[in-house]
Amino acid sequence: MGKPKYIKNSLKVIIHSYNKSSEIPLSKEEIKILPSLLKYTLLRNFVIRKIRRNETNKIYLDEVKRNLEIIDEDSK
């Protein structure tokens, strides 16, 4: 599996697409928690990769940090 990368505004697109096609759109509370769940998933992936592959590449950690910052910016 490649390293995950968050693309700016992709969460908004996913939410919009889901709500457009779903009989029951996501609630405000559900939408509010999604950025935290996404950040958790990225961090979990990083930790598992670090443990399993003994990943010591600082560049990967920097990429994860950038992804987290973009998610924070998008959730404002």
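Read-outs: derived from the displayed coordinates by stated rules, not from any lab. These numbers come from a predicted model, not from an experiment.
Note that region 35-42 has calculated 3J(HN,Hα) couplings of x, 5, 5, 5, 5, 4, 4, 5 Hz, one per residue in order, obtained from phi through the Karplus relation 6.51 cos²θ - 1.76 cosθ + 1.60 (θ = phi - 60°); glycine and proline are x. Running Debye on the chain with equal point scatterers at the Cα sites and no solvent, what base-10 log of I(q)/I(0) appears at q = 0.12, 0.17, 0.21 Å⁻¹? For the chain at q = 0.12, 0.17, 0.21 Å⁻¹, log10 I(q)/I(0) is -0.40, -0.70, -0.93. Residues whose amide H falls under 5 Å from that of Glu55, counting only those 5 or more places apart or on a different chain, are Lys50, with hydrogens built in the peptide plane. Listed cross-link partners Lys32/Lys58; Lys12/Lys39; Lys28/Lys50 are compared with a 25 Å cut-off, the Cα-Cα value being larger for Lys32/Lys58; Lys28/Lys50.
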